[in-house]
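The values are calculated or read from the model by the stated rules, or taken from the named source; none is laboratory data. This structure is a prediction, so every number in the text was calculated from the model and none was measured. Because the Cβ atoms are built from the backbone with ideal geometry, glycine has one as well, and the counts that use them run over all protein chains shown. Just so you know, the surface numbers come from the protein's heavy atoms only, side chains and all, with ligands and any DNA or RNA stripped out. Shrake-Rupley method; radii C 1.70, N 1.55, O 1.52, S 1.80 Å.
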Amino acid sequence: MANPDPQELTPISSVETPVRFPLWVKLAVFAIALLVAAVGLVGRIALSLADERVLDAQREFQMAILKMIANDIEAELAQAQDGLDGIARALVDESLDPDSRLSLARILVESNEVLDHAWLYTEDGTQPEPITEKSAASLKPLPVLPNALREAAAEHNAATGEATTGPEGPRVLVVVPIRFDERVTGFAASRVPLVEIQRLVELTAQTHFKDMPRPLLVLDGQLRVLASPDPSQTPTLTAIDDEPILEGIDPRTFAADYGMTRRVQRGDHTSAMGTVMGMQSRHWVLVAMVPERIAYGPLFSLRYWVYVTIGAAILVALVASLLLARRITSPLTQLSRFASDIAQRNFSTRVDIKTSDELAKVGRAMSQAAADLQSSEQRIREELEIRSDLGRYLPAELVDKVVKREQDMGLGGERREITVLFADVVAFTPLTENLPPEQVVQILNELFTIVTEIVFRHQGTVDKFIGDCVMAIWGAPTSLDDHAARALEAAEEIISWLEVGNASWEEKYGVTVQIAIGINSGEAVVGNVGSDSRMEYTAIGTTVNLAARLEAIARPQQILISAQTAKLAGEGFTLAPMGERAIAGHSEPLQLFEVVT
């Protein structure tokens, strides 16, 4: 549709009409309905607080259970240590003869509820002498007590070694020193059975963790199971490597009597809340775990009703918002359609919103914008036509600067480091003699069109056409750090494209075209040259003259460049040295190179 003349446009009043019913009032009504969403916020806060309380309660509960088990373990092993300590004192009792000491030691083993044997070692931890009940007759003593174990026993009056397995379950090595006159003269040791500890763990699990998978574990320093509600795990000292609660736990450095509670995903894809606690006197770890479905049972029910309430509130708010949205969206629909018309450059349409609020104000502003765009459309079209016309004579960058009034239109120029390319049709005169002028012009037009596109694609500027020759520059009017490399890339593409062009011209006109290209880099004066009434943007200087002379001596389909251009172009091109050549206007021969395509 033709745009009307800007002078015929109907002016739109710029006087603002007071807003009688502001949009915020309508939105406030809508917000009242959304207050129901506060129920969701309150619900989430309540669930978060409840979640923290459940976590705290579980932490306290599990810590209490683990401390109880730890105390019972300490009491069980303390009883064994007391028995071994009594044996040690009996063996150094000077009031008894040696046989009586051994007899007393055997009586102490038999009367101790935990001990069923004892091994007596010399000061260096060797030569074990057993005192064994029948039930422990199959136990073999360690030939030598480890030095670290003896040192720990001497320092702390008792030490706990590694656990071993047996028919009735795990046993743990307990060692106490035998002292005479404050000097360690030997050691009493025993592998204490953990049957009572296993029974305690089973009873505790049945009482507090019924029907829960592996809720309690007693692990040694290698995270092997010493006691578990599952009796099948304990005889083999099974290593636990599938419990995420133990990730990063090292019993040797885990703080004694320290509890850590966290949520984990177990190997059976269930969630659980677990607590890990260390022990005071040995590198053992106690673990308690409760499935989240049990720990959070009441919370899950509360969460269900909170979500139901939130859903109902959202439904009510949704109904209210839909009713109000129908009132609000009607003018918005009109504005949307009007915006679509503007997007399609149909600037002659107008919109009339009669809601007496900010939407009406927006409608008037958009109508005024459409009128302004309609009047500027013609100016833009005229400017584009001017740009297109100027682009036939000047480089695109220069056209933009001229239109934006950024280009100095005075005569003169500035020194720039540039790369200059001359491309000339070889044997042009015979070509003109064999073809009608119209065909020659057609071939040149097609050739120059493609060459121009290639130059532009490589960020170059077509300076001028001189008959059958093209001059292009890189580095002006826009500076380029890699102007030499871009010029060589353009030259290679021109030579490559010429094969396609020749195939077409051979078919249509029965001729082929060959081009010689010369390229040079260096400083030149770039700017406006001519008169106040007629000027052109070009480059002048020795750099330009040398490029023209290189083109003149280049063979057909040859790209001849100077040593300066070869240096600036860098790697990425195959260059063949052409030796030194005497160039007109230069006192000394110049080193030249051919670009091998």
Meets criteria (modelled with pLDDT under 90 and crowded, with 20+ Cβ neighbours inside 10 Å) for residue 239:
no
Name the residue, out of 540, 553, 495, that is surrounded by fewer than 20 Cβ atoms within 10 Å (Cβ to Cβ) and over 29 Å from residue 430 (Cβ atoms).
540
Within the range 466-476, is there a residue that is out of contact with any His (no Cβ under 9 Å at 6 or more places or on another chain) and over 21 Å from residue 560 (Cβ atoms)?
no
The condition of being at pLDDT 80 or above, more than 15 Å from residue 62 (Cβ to Cβ) and of a type in the set (A, V, I, L, M) holds, among 273, 279, only for 279
Scan 431, 394, 398 and give me the residue that is modelled with pLDDT under 90, open to solvent by 30 Å² or more (accessible area, probe 1.4 Å) and not polar (S, T, N, Q).
394
Mind checking which residues of the range 124-142 are within 16 Å of residue 171 (Cβ to Cβ), of a type in the set (D, E, K, R) and either open to solvent by less than 90 Å² (accessible area, probe 1.4 Å) or at pLDDT 90 or above (or both)?
133
Residue that is in a helix (DSSP H, G or I), closer than 24 Å to residue 581 by Cα, out of contact with any helix residue (DSSP H, G or I) (no Cβ under 8 Å at 6 or more places or on another chain) and among the acidic types (Asp, Glu), where the choices are 492, 499:
492
Does residue 462 satisfy the condition of being outside any strand (DSSP E or B), more than 41 Å from the chain's Cα centre (by Cα), more than 17 Å from residue 559 (Cβ to Cβ) and of a type in the set (A, V, I, L, M)?
no
Taking the range 498-512 as the region of interest, how many residues are open to solvent by less than 50 Å² (accessible area, probe 1.4 Å), closer than 17 Å to residue 454 by Cα and of a type outside the set (Gly, Ala, Ser)?
2
If we keep only residues of the range 110-121 that are open to solvent by less than 40 Å² (accessible area, probe 1.4 Å) and not small (Gly, Ala, Ser), then the residue nearest to residue 91 (Cα to Cα) is 120
Give the number of residues within the range 514-539 that are at pLDDT below 90 and either assigned to a helix (DSSP H, G or I) or among the aliphatic types (A, V, I, L, M) (or both).
4
Filtered residues of the range 513-526 (kept if aliphatic (A, V, I, L, M) and open to solvent by 50 Å² or more (accessible area, probe 1.4 Å)):
525
For the range 436-458: of the residues being touching a helix residue (DSSP H, G or I) at 6+ places or on another chain (Cβ under 6 Å) and more than 22 Å from residue 558 (Cα to Cα), which is surrounded by the fewest Cβ atoms within 10 Å (Cβ to Cβ)?
439
Could you tell me which numbered condition residue 145 fails, if it satisfies all but one of (1) modelled with pLDDT of 90 or more; (2) surrounded by fewer than 14 Cβ atoms within 10 Å (Cβ to Cβ)?
(2)
Every residue in the range 194-236 that is at pLDDT below 85, surrounded by fewer than 18 Cβ atoms within 10 Å (Cβ to Cβ) and of a type in the set (Lys, Arg), please.
210
Of all residues in the range 540-553, which are within 19 Å of residue 468 (Cα to Cα) and in contact (Cβ under 8 Å) with a residue 40 or more places away in the chain?
544, 545, 546, 547, 548, 550, 551, 552
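Listed here are the residues, each with its yes/no results for (1) over 30 Å from residue 470 (Cβ atoms); (2) assigned to a helix (DSSP H, G or I); (3) at pLDDT 75 or above.
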| residue | (1), (2), (3) |
| --- | --- |
| 349 | yes, no, yes |
| 361 | yes, yes, yes |
| 369 | yes, yes, yes |
| 373 | yes, yes, yes |
| 380 | yes, yes, no |
| 385 | no, yes, no |
Assigned to a helix (DSSP H, G or I), among the aliphatic types (A, V, I, L, M) and in contact (Cβ under 8 Å) with a residue 12 or more places away in the chain: is that true of residue 65 in this structure?
yes
From the residues in the range 283-302 that are at pLDDT below 70 and open to solvent by 60 Å² or more (accessible area, probe 1.4 Å), which one is farthest from residue 273 (Cα to Cα)?
302
Given the condition in contact with a helix residue (DSSP H, G or I) (Cβ under 9 Å, 6 or more places away or on another chain) and among the basic types (Lys, Arg), answer yes or no: does some residue in the range 530-540 qualify?
no
Answer yes if at least one residue in the range 411-423 is farther than 30 Å from residue 572 by Cβ and either open to solvent by 50 Å² or more (accessible area, probe 1.4 Å) or modelled with pLDDT of 90 or more (or both), and no otherwise.
yes
Only residues in the range 73-97 that are closer than 20 Å to residue 193 by Cα count as the first member; pair them with residues that are surrounded by fewer than 18 Cβ atoms within 10 Å (Cβ to Cβ), Cβ under 6 angstrom, at least 6 apart or cross-chain, and list the lot.
76/196
So residue 584 fits all but one of (1) closer than 17 Å to residue 542 by Cα; (2) not in a loop (DSSP other than H, G, I, E, B); what number is the exception?
(2)
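Which of the residues that make up the range 68-109 are open to solvent by 70 Å² or more (accessible area, probe 1.4 Å) and assigned to a helix (DSSP H, G or I)?
Listed by number, the residues that qualify are 68, 71, 82, 89, 98, 99, 106, 107.
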